[in-house]
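Shown next, in structure tokens, is the structure this report addresses.
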Amino acid sequence: MNNGTPDLSAFEGLDFSGAERHNVVIIGTGPAGLTAALYAARANLEPLVIQGIQPGGQLITTTDVENYPGFPDGIMGPELMQKFEAQAAHFGAELRYGMVTAVDFSERPFKLIVDAATPILAETAIISTGASAKYLGLENEERLLGHGVSACATCDGAFFRGEEVAIVGGGDTAMEEALFLTRFATKVYLIHRRDTLRASKIMQERAFANEKIEFIWDTAVTDVLGESEVDGLTIQNLKTDEKRTLPVKGFFVAIGHKPNTEIFEGWLEMDETGYIRTKPDSTFTNIPGVFASGDAQDHVYRQAVTAAGTGCMAAIDAERWMAEQEAHEVAEGEAA
Ligand code: NDP
């Protein structure tokens, strides 16, 4: 599926004739983007990395990372990402603040616009734009976002010291965030739409063992209550349809993520939820010279270590692909 048609309106009136030109432009700076940057830099490709809205990616909003190999005692997410960044920069990757706001992949060099203003040309592009938190889609959830509604316990948990809070979701993120919230909140209600969790056994056991966490099973959140700040939730038991009010001051949403791939719609093949499709055992997309890595293309594993792995693959794929193009051009030149 090639979602939508490319929107080229952002390119109108923009002059690319004097634009800077790079071998590799990497979009995104989570584990995938920064590993791609490290490998591309060590291959002397002088990559430019456009950092995106949240430099460092999702791990920036995490506390302890216990499952990244090489750190037997765990490491804080932001510290891990600083190390990724320092290592990529050490080998010559250029990291630049900004968002890629539009792309034109119709011909090489590819055209990219940064922050709706700066034109950049790229021989190859590596997409590592990651994924963002999903919300339930309730009107009052959106209205009270930042006023008691949050998708990041690590960022906002401390605001709820001495209060009761609720979190929705049944995966590892919900368990991790619920456990984190117990540091501040007097009680954490964990609301899940089924009666079994999706989370890994170890995270489930930790959450079950914590006396501050109360599980509310088979239940949906149907409304977020409060005028200027959250002061409760309406929840509904999905088996009995019974509704009740849960008086909480904080509401955390931990129901998964969606890939940040909107700007590539119309260019790249994606699945129905927006994950970029790559060719088997590689990071090649449907457009030669465009590679995808990390959570933007992986809806199965979604781990820092797998994202780093596909970032490495993308840089190697890009390097080999460029070498093949050059060899091809030389052969064509000799034949002419
Ligand atoms: P998941 O997709 O694993 O879980 C999402 C949860 O939210 C599911 O329980 C799902 O319910 C529920 N959900 C989804 N949509 C809705 C909705 N509309 N209303 C109510 N509930 C909903 O996402 P996570 O973010 O938890 O985890 C993503 C990946 O990251 C996983 O692979 C996980 O293992 C990994 N991870 C690892 C960590 C670690 O190892 N320390 C920490 C955090 C994440 P249902 O189960 O019914 O589908």
(request) Sort by residue number and report every cysteine in the chain with no other cysteine beta carbon within a distance under 4.7 Å. (result) C312
(request) Could you work out the local net charge near F184, counting Lys and Arg as +1, Asp and Glu as -1, over the other residues with Cβ closer than 12 Å to its Cβ? (result) +1
(request) Could you pull out every residue, at least 5 positions away or on a different chain, whose amide H is within less than 5 Å of the one on V65? Hs are placed 1.01 Å off N in the peptide plane, and Pro or chain starts have none. (result) I75, M76, G77
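Starting with the fewest neighbours, write out T234, T124, T186, T154 ranked by other beta-carbon atoms found within 10 Å of each beta-carbon. List each step's numbers first, then the result.
Details: T234 16, T124 27, T186 12, T154 19.
Ascending Cβ contact count within 10 Å gives the list T186, T234, T154, T124.
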(message) Looking at the chain as a GNM with Cα springs under 10 Å, which of Y135, Y39, Y68 has the largest mean-square fluctuation?
(response) Y68
(request) Can you tell me what the convex hull of the Cα atoms of the chain projects to on average, as an area in nm²? (result) 20.0
(request) From zero up to wherever the largest Cα-Cα distance of segment 1-70 sits, split into 5 Å bins and tell me the percent of pairs in each. (result) 3, 13, 14, 15, 18, 18, 11, 4, 3, 1
(request) Report, by chain and number, residues whose modeled amide H sits under 5 Å from the one on H257, excluding near sequence neighbours (fewer than 5 apart, same chain). (result) K134
(request) May I ask you to derive the FRET efficiency for M76 and V330 from their Cβ-Cβ distance with R0 = 51 Å, giving the value to the nearest 0.05? (result) 0.60
(request) Relative to the longest principal axis of the C-alpha atoms of the chain, give the angle of the C-alpha long axis of helix 77-90, reported between 0 and 90° and rounded to the nearest 10°. (result) 10
(message) Can you tally the net charge around A88? Count Lys and Arg as +1, Asp and Glu as -1, for every other residue whose Cβ sits under 13 Å from the Cβ of A88.
(response) 0
(request) Starting with the fewest neighbours, write out F215, F84, F105 ranked by other beta-carbon atoms found within 10 Å of each beta-carbon. (result) F215, F105, F84
(message) Taking the beta-carbon count within 10 Å as an exposure proxy, list D298, D271 from fewest neighbours to most.
(response) D271, D298
(message) I need the peptides 219-227, 50-58 ranked by packing, meaning the mean over residues of other C-beta atoms within 10 angstrom, with the highest value on top.
(response) 50-58, 219-227
(request) Once you have the Cα-Cα distance between S228 and Q87, take 0.36 nm times their residue separation minus that, and quote the gain in nm to one decimal. (result) 46.3 nm
(request) For segment 58-99 and segment 11-51, compute the distance between their C-alpha centroids and round to whole Å. (result) 18
(request) Give, as a single signed number, the net charge of other residues whose beta carbon lies under 14 Å from the beta carbon of G309, with Lys and Arg counted +1 and Asp and Glu -1. (result) -3
(request) At 25 °C and 0.890 mPa s, grab the translational diffusion coefficient of segment 135-253 from Stokes-Einstein with a Kirkwood Rh over Cα pairs, rounded to a whole number in µm² per second. (result) 176
(request) Give me the number: length gained by fully extending E46 to Y301, i.e. 0.36 nm times residue separation minus the C-alpha to C-alpha distance, one decimal in nm. (result) 88.9 nm
(request) For segment 107-123, take each phi angle, set θ = phi - 60°, evaluate the Karplus expression 6.51 cos²θ - 1.76 cosθ + 1.60, and give the result in whole Hz per residue in order, putting x for glycine and proline. (result) 7, 9, x, 5, 9, 10, 10, 9, 6, 6, 9, 9, x, 9, 9, 9, 5
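Suppose the chain between Y97 and T118 were pulled fully straight at 0.36 nm per residue; how much longer would it get relative to their current alpha carbon spacing?
Numbers: separation 21, 0.36 × 21 = 7.56 nm, distance 1.20 nm.
Roughly 6.4 nm would be gained on extension.
Values quoted throughout were computed directly from the atomic coordinates according to the rules given, and no laboratory measurement underlies them. These numbers come from a predicted model, not from an experiment. Neighbour counts are summed over all protein chains in view; Cβ atoms, including those assigned to glycine, are modelled from backbone coordinates with ideal geometry.
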